[in-house]
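Just below is one structure, and these are the notes that go with it.
The values are calculated or read from the model by the stated rules, or taken from the named source; none is laboratory data. It should be emphasised that the depicted structure is a prediction, and the values quoted were computed from it without experimental measurement. Here the Cβ positions follow ideal geometry from the backbone for every residue, glycine too, while neighbour counts run over all protein chains shown.
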């Protein structure tokens, strides 16, 4: 940059042209770097969105799993309670039968 300023001050057209070309090259390099950073930011943003979606999906699955287990346990408990009550009822009826009931 200093060389370009000196070339302009001394009206050295060859050095001015070289300085302008160097500026264009630097500008192109900066544009390439900015494009690379922008691409990385887009990928990072996309990865963050995917992470949030995955986290929400996992939370939903965990919630469904916990809810499902609770419901399943309640249904299973009711089935076992009904079977237990039926067994008690059958036992009570059998113990009430006497020898005379068998002879009839």
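For region 37-49, the condition holds for at least one residue, the condition being that it is closer than 30 Å to residue 4 by Cβ and without any contact (Cβ under 8 Å) to a residue 60 or more places away in the chain. Does residue 15 fit the bill of being in contact with a helix residue (DSSP H, G or I) (Cβ under 7 Å, 6 or more places away or on another chain), in a helix (DSSP H, G or I) and surrounded by 10 or more Cβ atoms within 10 Å (Cβ to Cβ)? Judged against the criteria, residue 15 is a match. Looking at residue 89, is it at pLDDT below 90, out of contact with any strand residue (DSSP E or B) (no Cβ under 8 Å at 6 or more places or on another chain), under 30 Å from residue 2 (Cβ atoms) and assigned to a helix (DSSP H, G or I)? No.
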